[in-house]
Amino acid sequence: MEHRNQKAIWWLIAISVSLITVGTTGFLQFEHMSFSNALYETLIILLAHNDFAAVSDPRARILVVFLILASLGLIAYLLKWLAEYMMGLTSNVRKLRVKAKVDKLSGHYIICGLGRVGSQVAGEMFHEGVPFVGLDKDQTKVDEAIAKGYLAMAYDSTVEDSLTEVGIERASGLVACLGEDSLNLFVVLAARSLNPHIYIVARANRPENELKLKRAGADRVAMPYQIGGYHMASMALRPNVVDYMDIMTKNGVTELEVEEMLVGDHSKLAGHRLGKALADGEIGATVIAINGVDGTSRVHPTGQEVIYPGDRLIILGAKRDLTSASELIR
């Protein structure tokens, strides 16, 4: 950008000098003016667009018209360049502001790719209030994400330096949802090498690439076409069930959500039976499964299960109830 601006400035200087040289030489030849008068006449015409000397030679009059038109064109180009320069400054300021916000993030998520899948992931995380930053090489997609209130930067997520710029060493998770499996593979490899503890979800378009992505370091692999096909089949075979799951969604805002919560060492539930918390109404949501710290999983708990630190509770409920449950469990 800086090189382009310097080139434009030198081009403007060269054209201006050329016009001054042509005008001065023309008035010397056609009107037999002195050098100082010819130079003065040329500058006045270029700046004021008026022939105050009232030249009489027809060739000199043609030169006056040429200088006026050339100067108007030069001014139009100068205004265009200034507008682009100011827009560039605004864009740079915006990028610096986004970068400053990203530098403050910790425990955030990185979304690689802001296409159809990535934008949906970003929308869900934004709704959940989860800190994240989106990456995409396409500046248009980045601008669209920023317009929605997301943090986004125009970086190539397959390059390690790009992931470092958005704080991957401080991030909790990464979602690789680029359009090509090979690119997602590069992202997974780079992310895993930069942060061995980060949780990675990768997109796969072809089933045979699922194992490759997991071997590269992905914790989970999602296949959008498979998920979409399953949902469409459910709509055809079990429409009432799908309607029940969708009925809690109004204007794109989900009222009923599922959350996984880790029981902390100082949790009020630790050492107590789940049934007591449910009976007292302390949780305020439905526990649909318990993933024990010992590796066991219990679906649809009866309430007699004792909760231990390190257990993970899968809870279904409204957002406000999940918030209250989080304060109790964690």
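The values are calculated or read from the model by the stated rules, or taken from the named source; none is laboratory data. Nothing here was measured: the structure is a model prediction, and the numbers come from that model. Every residue, glycine as well, gets a Cβ built from its backbone with ideal geometry; the counts of neighbours run over all protein chains shown. Heads up: the accessible areas ignore ligands, DNA and RNA and are worked out on the full protein's heavy atoms, side chains in. Shrake-Rupley method; radii C 1.70, N 1.55, O 1.52, S 1.80 Å.
Which value, in Å² rounded to 10, gives the accessible area of LYS95 with a 1.4 Å probe and all protein chains present?
About 100 Å², ignoring ligands and nucleic acids.
Based on DSSP, what percent of beta bridges with both residues in the chain are antiparallel, to the nearest 5? Don't jump to the answer; show the numbers that get you there.
Values: 18 of 35 bridges.
About 50 percent, rounded to the nearest 5.
Please tell me which of these pairs span more than 31 angstrom C-alpha to C-alpha: LYS80/LYS104; LYS104/LYS212; LYS137/LYS212; LYS148/LYS319?
LYS80/LYS104; LYS104/LYS212
Using the Cα gyration tensor of segment 88-169, with a ≥ b ≥ c the square roots of its eigenvalues, what is the shape: rounded (a/c below 1.5), prolate (a/b larger than b/c) or oblate (neither)?
Cα axes put segment 88-169 in the rounded bin.
Show which aspartates and glutamates lie in cross-link reach of LYS101 when reach means a straight Cα distance below 15 angstrom and same-chain residues fewer than eight apart are skipped.
GLU165
LYS99 label point, 7 Å along Cα→Cβ, cut-off 19 Å on backbone N: hits in segment 123-149?
Only 133-140, 142-143, 146 pass the distance filter.
At a Förster radius of 35 Å, what calculated FRET efficiency corresponds to the Cβ-Cβ distance of ARG206 and HIS266, to the nearest 0.05? Mind showing how you got there, number by number?
Numbers: r = 46 Å, r/R0 = 1.31.
E between ARG206 and HIS266, to the nearest 0.05, is 0.15.
Each residue of segment 63-80 in order: what ³J(HN,Hα) in whole Hz does its phi give by Karplus 6.51 cos²θ - 1.76 cosθ + 1.60, θ = phi - 60°, with x for Gly and Pro?
5, 4, 4, 4, 5, 5, 5, 5, 5, 5, x, 5, 5, 4, 5, 4, 5, 4
Hey, of (i) 0.96; (ii) 1.07; (iii) 1.29, which did the structure itself give for Rg/Rh (Cα atoms, Kirkwood Rh) when calculated?
For Rg/Rh (Cα atoms, Kirkwood Rh), the calculated option is (iii).
If I ignore ligands, DNA and RNA and count only protein heavy atoms, how much of ASP219 is accessible to a 1.4 Å probe, in Å² to the nearest 10?
It works out to around 60 Å².
Using helices alone, what [θ] at 222 nm do you get for the chain, with -39,500 (n - 2.57) per DSSP H run of 4 or more residues, divided over all residues and rounded to the nearest 500?
Computed mean residue ellipticity for the chain: -17500 deg cm²/dmol.
What length, rounded to one decimal in nm, is gained on full extension from ILE62 through to LEU194, with 0.36 nm per residue of separation minus their alpha-carbon distance?
Additional length available on full extension: 40.7 nm.
At what distance in nm do the modelled label points of ASN240 and TYR308 sit from each other, each positioned 7 Å from its Cα along Cα→Cβ?
Once both label points are built, they end up 4.2 nm from each other.
Could you compute the FRET efficiency for SER326 and ILE13, with r as their C-beta to C-beta distance and R0 at 51 Å, rounded to 0.05? Intermediate results must be reported in sequence, preceding the final value.
Values: r = 64 Å, r/R0 = 1.26.
Computed FRET efficiency for SER326 and ILE13: 0.20.
With contacts defined as alpha carbon pairs under 8 Å and 6 or more residues apart, what's the relative contact order of the chain in percent?
Numbers: 482 pairs, mean separation 31.6, N = 330.
Relative contact order comes out at 10 percent.
Build a GNM of the chain with springs between Cα atoms under 10 Å: which of GLU128, GLU41, GLU160 gets the top mean-square fluctuation?
With Cα springs under 10 Å in the chain, the top fluctuation among GLU128, GLU41, GLU160 is at GLU41.
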